[in-house]
Amino acid sequence: MSIRSWLKRRRLDLDDDDFQDEIRAHLAIAEEERVAGGADRDTAHYAALKDFGNVTLTTEAARRVWTPAWLEALRDYVRDGRYAIRALAKTPAFSLTVIGVLTLGIGLNAVVFTMLKGMALSPLAGVDGSARLGVIYAETDTGRDLPVSYPDYRDLRDRARTFSGLFGTRVLSANLGRGRGARPVFGEIVTGNYFQVLGVRAALGRTLLPSDESAPGRHAAVVISNGLWRRDFDADPHIVGKTVEVNNYLLTVVGVADATFHGTIVSYDVEIFVPVMIAPQLGLTFGSAATNPSAILADRSAGIFYIHGRLNPGVSLASAGAEADAIWRGLSRDRPLTDPVQRLRTVPFWRSPNGAQTYMLPTLTVLSAMGLLVLMIACANIAGLVLVRGLSRRGEIAVRLALGATRARIVRLFVIENLVLAMPGALLGVALALRGIPLLVEFAEGMAAPERVYFNVQIDSLIIGFAVVVACASALVFGLIPALQSSRVDLVSVINEDASPRGASRGRMRAGLVVAQVAVSLLLLVGAGLATRSLDAARRADPGFDASHVTTIAMDVRQNAYDEARGREFYRRLLESSRTDPGVECATLAAYTPLALLETREQRVDVEGYQPRRGEDLLFTSNTVGPDYFRTLKIPVVTGREFEDRDSQTAAVVAIVNRTLAQRFWGSPTNAIGKQIRTGTGPWRTVIGVVADVKYFTINEPPRSYFYLPFEQAYRPQMILQTRGPASANVLVDRARAHVAELDPDLPILYARPMSTRGAFLFYELTAMMLFIFGIAGMALAAMGTYGLVSYLVKQSTHEIGIRMALGASALGVVREFAARGLRLGIFGAALGVVAALTLSGLLERVLFGVSATDALSFLEALAIVLTVVLVATLVPAWRASRTDPVQALRHQ
C-alpha cells in the first residue's frame, strides 16, 4: 500500500477514533441482542466481549493491515525512545553519571581526532581533499631529504601524467616593511600554478598565475593572507595594486587569499606568497651563493622546491611514484658526478618532510591509542552501571517476558536506552573538545612565539560525525552484553533471587569489568609516567651549550637599507657597546640559535686532500658567528682557538669545525688544525679550531657534522645579538634593546627574548601533558568503577551484614572483608596492567628521550598510584558497611 493511499484511507473512513466507535457500536448491538433474548445486562455485556475477543489485539491487527511495516517499526522505535527518556528521567543519578563518563571519554578522543585531522586527514584548511596531495622530493643515500631544482620540477611537471597538476613550494622567512614597523613573516616561494592546483580562490583581487612565472625578475607580485590583510592593513578594500616591502624589495599586492587558507606548511601561518621568479631579488640563494638569478633557475644542483600534486582519479600513489622515478632516472644523467646520490621519493602529504606532522604524527599515534584506552575504561565503567541497573529491573523484565515480549524486544529496548544516553554524551564530548582544543592551541602558540602558527583544528562535520559514531559504538559496547544478560530472567528466578541473601555474589561480570578498568588505567599511568620522565630527561640533558642568563636580539639591517659596509659597521659598534656594558659578561653575534627546531640550509663542503666517493653526501649545515660565540654559550673548544676580532675581512679566511666533522675526515680533532675546507665555490678556509658537538636542531638528534664561519668573513645582514650576564632576563633584554636603539632607533627588532631551549621540548611537553590527562581520567574512571562495585556489594549484602553483626562480628572485620574483595580485584587488574604495559611499551619508543620504555620507576609509581586509589575507593563503601545498624539490616529484606 502506498503512503498516499494509506493517508487517503485514513482520512476518509479509517481514522482510529472512527474504528473505535465501530467496535463500540458492534459490542452494543451484540449486547442488545442478548438482552432482547432474556439475558441480564451484565451477562449480555461480558458475553459480547467474549465473542468479540481482545479489543486491543484486534485494534493492533487492524493497524498492521493499514500501516506499512517500516512505518509501524518506526513507531515502535519512537515509542521505545519516549519510554527510555521517561525511564531514565526517573533515575537522574544513573543517567547523569553515564552521560558524564561518556562525555569525558568521547571528549578526549574528539580532541585527539581533531589534532589528527589537522595533521593527516585534512591538514590544509581551505583546500579540498588536501590529504590526497602527493609530495615529491629527493633523498640522499644517508636518508636526508633535499628539495628539487627548478629544471627538475619543470621536467616532472611537463612529463608526469599520473598527476592532474604539480606545483613547487618552499618555506620562506622574510621581513615585511621597513623601519620600526617592520616584522618577520612566514611565506612560501611558489610556482605560478600554486593556487590553481590547490583550488584556492582569492577573496580580493587575483591569485598568482602561470604568467607570473615567465622570467626571472619580472612580475614582482605578492599575494597576502587574509589574516595579514586584516591585521596589518586594517582590511583595506583597496589593497590590490598597492606595494609592500619584503626584504627591502617592493612587491605589488595582486590579491588577498581566501580567509580559510593558511598555506601548505602544516603549523605555519603563511602570510605571503611570492612567485619563484622574484626570489633572487629578495636575497634568497639556492645552491652556490655565487650563482646569478638566471642561472639558479637552470642549475640542477640548486634545490628549491618540494613538489606537491594532485593525483588523477583512480591513480594510486605507487603508480605516480613509479612514473616519477622513471622520469628522474632520465634526468640524473644531467646531474654533476660530484652531487650526492639522490633518489626520488613520492609520499602522501602526511609523510611530507616539511611541517609539524613530521614531529607530531608519532605523538598523535600514541595519543590515539591512549584515547581508545580511556574510552574502553569508560565503556567498562558504564557497562557495570548498566548491569547494576538491569538487576534492579529484573521484576519489570520478567513481567514483560511473561506478557509475551520476546528476548530480542527486551534487548532492543535496552540498546535504545543506551543510545538515548550516548547522544548527549557525544554532543557534550564535542563541547568539551571545543573548550579543550583552544587551550592546546594557545599552549602551542606560547611555545612557538613570536612566530605565528596555525593548526587546522576547527570542529567541523567530520569531528561531529566521529563523535556520533564513537557514541553509537560505545552504546553497543557497554550496552549489548549487559542487555543480553539482563534479558535472561524469568519470574521464578527473580522471586528466588530476591529471597536469597547470596544474590550479591553473582557479579563475575561486574568484577571482570573492574579488573579491566584497573589494568587499562595502570597502562595509561605507565605511559604518562614514561612521558613525564622523558620530558624531565630532555630538560636535564646536556645540549652542549648553556642557554641560562643569555638573551637574544634579532635584527636585519636591510630593513633600513644598510649596504654591506654600513651593516658591518653597525654590528661592530653594537658588539663594542654591548661588551662595555657593566651588566654584560660577554657578547657575540650569530645567524642562528641552536635547538630552534628548524633546520638551516646545507652547503656542500670540499675537504683538502679528500677524494669523495661518487655521489657521496657532503652537504653540511653551518652557522655564521662573531667573536666570543663559544665563550658566550659556553661551548667547549676541544683544540685550537675560537674566532677573534683579528679574523677580519683582510685576514686569512678561517673556519671552525665540530668534533664529528673533524673525526670523519682527519681521524681526531688535533689532526684537523691547519687543514682546509671550502664551501661551494668559495675560498679555501683554514681550520683554526675544533669545538664540541651540540644539539643543533632537536634534543634527540644523533651527532652530525657542522662547521662555523666568522661573521667578518661571511657577512649576513640578519644576525642575532647574544649577551650573557648575571642580571635577570628582562634586564638584559632591556639593555640589549637600548644598545640597538642608541645606534639606530628606527631599526626594527625582529624579536627580543631570553635564549631558551623550551621550543625544542614542545612535543615532549605536549605528549607528557596529554598522557597525564589521559592517565588521570582513566584512573578516576577506574576508581569510580571500583567504588561502584563495592558499594553495590555492600547494598546487596545488607541482610548478610546485619546477621553477622548481630552474631558478634566487629566493624573492623566487616571493613576488612569488603576491602579485601576490592583489593583482590585491584591487585589482579594491576598485574594484568603491568603485563600489558610491558608488552605494549615499545609503542612509546619513538616519543621518549633518555628513558627506557620499561623504566622500573615509572612502573612502580603507576602501580603505587593505582593500588592507593583502589584502596581508597574500596575503604569508603566498606567503612559505610561497618556502620550498618543490625536491626535495620535484618528488616532490609
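The range 305-319 and the range 643-674 have Cα centres lying 45 Å from one another. Taking K and R as +1 and D and E as -1, what net charge do the other residues with C-beta under 12 Å from the C-beta of VAL315 add up to? It works out to a net charge of +2. Over the heavy atoms of MET779, what accessible area does a 1.4 Å probe trace out, to the nearest 10 Å²? Approximately 10 Å² of MET779 is accessible to the 1.4 Å probe. With the convex hull drawn around the C-alpha atoms of the range 549-588, the volume per residue stands at 66 Å³.
The H on the amide N of TYR751, modeled in the peptide plane, is under 5 Å from the matching H of ALA554, each at least 5 residues off or on a different chain.
For the range 595-675, what is the accessible area per residue in Å² when the probe is 1.4 Å?
Each residue of the range 595-675 exposes 47 Å² on average to a 1.4 Å probe.
Within the full protein context, the accessible area of MET769 is estimated at about 60 Å² for a probe radius of 1.4 Å. The slack in the chain from ARG508 to ALA93, taken as 0.36 nm per residue of separation less the alpha-carbon distance, amounts to 147.0 nm.
Taking only alpha carbon atoms, the range 566-622 gives an Rg to Rh ratio of 1.19, where Rh is the Kirkwood radius.
Spatial offset of the range 543-603 relative to the range 811-833 amounts to 63 Å, using the alpha carbon center of each. Computed over protein heavy atoms with a 1.4 angstrom probe, the accessible surface ordering of ASP21, ASP744, largest first, is ASP21, ASP744. Among TYR751, TYR83, TYR696, the sequence by solvent-accessible area, most first, with a 1.4 Å probe is TYR83, TYR751, TYR696. What is the log10 of I(q)/I(0) for the range 690-756, computed with the Debye formula using one identical point scatterer on each Cα and no solvent, at q = 0.14 Å⁻¹? After summing over all Cα pairs, the log10 values are -0.66.
Peptide packing: for 637-649, 100-112, 219-231, the average count of neighbouring Cβ atoms within 10 Å per residue gives the ranking 100-112, 219-231, 637-649, highest mean first. Only Cα sites of the range 184-306 enter the Debye sum here, all with the same form factor; the resulting log10 I(q)/I(0) across q = 0.15, 0.16, 0.20, 0.21 1/Å is -0.66, -0.75, -1.14, -1.24, listed in q order. On the basis of the beta-carbon distance and an R0 of 22 Å, ALA652 and GLU585 show a calculated FRET efficiency of 0.15.
Taking amide H as placed 1.01 Å from N in the peptide plane, VAL148 has its amide H under 5 Å from the amide H of ALA138, ILE304, PHE305, TYR306, ILE307, each at least 5 places away in sequence or on another chain.
Peptides 468-476, 678-686, 166-174 ordered by packing proxy, namely the average of other Cβ atoms within 10 Å per residue, highest first: 166-174, 468-476, 678-686. First check a/c for the range 222-287, with a ≥ b ≥ c the square roots of the eigenvalues of its C-alpha gyration tensor; if it is under 1.5, answer rounded, and if not, answer prolate when a/b is larger than b/c or oblate otherwise. Oblate, since a/c reaches 1.5 and b/c is not below a/b.
Would you kindly calculate the mean projected area, averaged across all directions, of the convex hull enclosing the Cα atoms of the range 555-664, in square nanometres? Hull-based average projected area comes out at 9.7 nm².
Would you please classify the overall shape of the range 74-207 from the alpha carbon gyration tensor, given that a ≥ b ≥ c denote the square roots of the eigenvalues, rounded means a/c under 1.5, and beyond that prolate means a/b larger than b/c while oblate covers the rest? Provide the component values of the computation, followed by the final result.
Details: a/c = 2.78, a/b = 2.28, b/c = 1.22.
Here the range 74-207 falls in the prolate category.
Shape index of the range 163-244: Rg/Rh, with Rg the Cα radius of gyration and Rh the Kirkwood radius from the inverse mean 1/r over Cα pairs, equals 0.97.
For the range 301-308, the Karplus equation 6.51 cos²θ - 1.76 cosθ + 1.60, evaluated at θ = phi - 60°, returns couplings of 8, 9, x, 10, 10, 9, 8, 10 Hz by residue, with Gly and Pro reported as x. Taken over the alpha carbons of the range 593-749 as equal point scatterers, the Debye sum produces base-10 log I(q)/I(0) values at 0.09, 0.17, 0.21 Å⁻¹ of -0.33, -1.08, -1.50.
Per residue, the accessible area of the range 507-576 comes to 36 Å², computed with a 1.4 Å probe over protein heavy atoms only.
The values are calculated or read from the model by the stated rules, or taken from the named source; none is laboratory data. These numbers come from a predicted model, not from an experiment. Every residue, glycine as well, gets a Cβ built from its backbone with ideal geometry; the counts of neighbours run over all protein chains shown. For accessibility, only protein heavy atoms count, side chains too; no ligands or nucleic acids. Shrake-Rupley method; radii C 1.70, N 1.55, O 1.52, S 1.80 Å.
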